[in-house]
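Data first, discussion second: the structure below is written as structure tokens.
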Amino acid sequence: MRLFLAIDLPEEVKDDLAAMQDDLTVGRRTDPDTFHLTLAFLGDQDAAFAEELDLEMQGLSAPGFDLALAGFDTFGGTTPAVLFAGVAEAGPVTELHRAVRRKVRAAGLELDRERFRPHVTVARFRKRLPAEALEGIRMFLARNAGYRGAAFPVRDVVLFESALSAAGAVHTELARYPLRSVAG
């Protein structure tokens, strides 16, 4: 099973991002049904690990919070590979990411150290982009520099299985792990 832990997005947020994709003239758009914010990519795992992870994640103790997507950027430097929506306030997501990584480690999987930059992938690009495609990306970023989505509550973490196919990834929800209520 190819697994990852993520924040699932409400339908309104998915719809908002899908509408933003309409302004993009290049790349392979992410299917709006698969929009999510990855907290930990676990790769191919067996059922025994998935069971151990489920037990660990049931003990997750992290507060819920509100999150808003804000701004667009790319990964890949001068040859962009991914276009993504960032987050307005990374602090709470980063803390949740750390808590999730601790649970993954406790379940027996040591993840590679990597810089965590919370994001939602909106589109992917081929390795060698012609100048006009690069210009299209640059124009999209310029037109949408002030993007800020509506805030939404993050109240759980979802364990997904991702099956790859020629038509794209299909994500199946395996479990949800509630976050602590926040007073106020």
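The values are calculated or read from the model by the stated rules, or taken from the named source; none is laboratory data. Keep in mind that what you see is a predicted model, and the values were worked out from it rather than measured. Quick reminder, even Gly has a Cβ in these numbers, built from the backbone with ideal geometry, and neighbours come from all protein chains shown. Ligands, DNA and RNA are excluded from the accessible area calculation, which covers all protein heavy atoms including side chains. Shrake-Rupley method; radii C 1.70, N 1.55, O 1.52, S 1.80 Å.
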Next on the checklist: Being closer than 16 Å to GLN21 by Cα and modelled with pLDDT under 95: is that true of ALA85 here?
Outcome noted: no
Next on the checklist: Looking only at the stretch 14-30, how many residues end up being touching a Gly at 6+ places or on another chain (Cβ under 8 Å), open to solvent by 30 Å² or more (accessible area, probe 1.4 Å) and modelled with pLDDT under 95?
Outcome noted: 1
Checklist outcome for this item: In the set ARG180, ARG113, the lone residue that is at pLDDT below 95, in contact with a strand residue (DSSP E or B) (Cβ under 7 Å, 6 or more places away or on another chain), basic (Lys, Arg) and over 16 Å from PHE35 (Cα atoms) is ARG180
Checklist entry - Can you tell which of GLU173, GLU135 is out of contact with any helix residue (DSSP H, G or I) (no Cβ under 6 Å at 6 or more places or on another chain) and more than 20 Å from VAL13 (Cβ to Cβ)? => result GLU135
Checklist entry - Any residue in the stretch 41-60 that is in contact with a helix residue (DSSP H, G or I) (Cβ under 6 Å, 6 or more places away or on another chain) and over 14 Å from ALA175 (Cβ atoms)? => result no
Checklist entry - Among the residues of the stretch 8-39, how many are assigned to a loop (DSSP other than H, G, I, E, B) and in contact (Cβ under 8 Å) with a residue 24 or more places away in the chain? => result 10
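Which residues, taken from the stretch 57-115, are under 23 Å from GLY43 (Cβ atoms), open to solvent by less than 50 Å² (accessible area, probe 1.4 Å) and assigned to a loop (DSSP other than H, G, I, E, B)?
Going residue by residue through the stretch 57-115, those that are under 23 Å from GLY43 (Cβ atoms) are 57-60, 62, 75-76, 81-82, 84, 93-94, 96-115.
Cutting the leftovers down to open to solvent by less than 50 Å² (accessible area, probe 1.4 Å) gives us 57, 59-60, 62, 76, 81-82, 84, 93-94, 96-97, 99-101, 103-104, 107, 109, 111.
Answer for the stretch 57-115, where residues must be under 23 Å from GLY43 (Cβ atoms), open to solvent by less than 50 Å² (accessible area, probe 1.4 Å) and assigned to a loop (DSSP other than H, G, I, E, B): GLY59, LEU60, ALA62, GLY76, ALA81, ALA107, LEU109, LEU111.
Please verify whether GLU51 is modelled with pLDDT of 95 or more and either surrounded by fewer than 17 Cβ atoms within 10 Å (Cβ to Cβ) or in contact with a strand residue (DSSP E or B) (Cβ under 8 Å, 6 or more places away or on another chain) (or both), treating the condition exactly as stated.
Yes, satisfied.
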Checklist entry - What tally of residues in the stretch 133-170 results from selecting those that are closer than 16 Å to ARG29 by Cα and part of a strand (DSSP E or B)? => result 1
Checklist outcome for this item: Only one of (1) small (Gly, Ala, Ser); (2) closer than 24 Å to LYS14 by Cα; (3) at pLDDT 95 or above does not apply to ALA99, and that is (2)
Next on the checklist: So for the stretch 139-149 (the condition being in contact with a Gly (Cβ under 6 Å, 6 or more places away or on another chain), open to solvent by 40 Å² or more (accessible area, probe 1.4 Å) and touching a residue at least 24 places away in the same chain (Cβ under 8 Å)), does at least one residue qualify?
Outcome noted: no
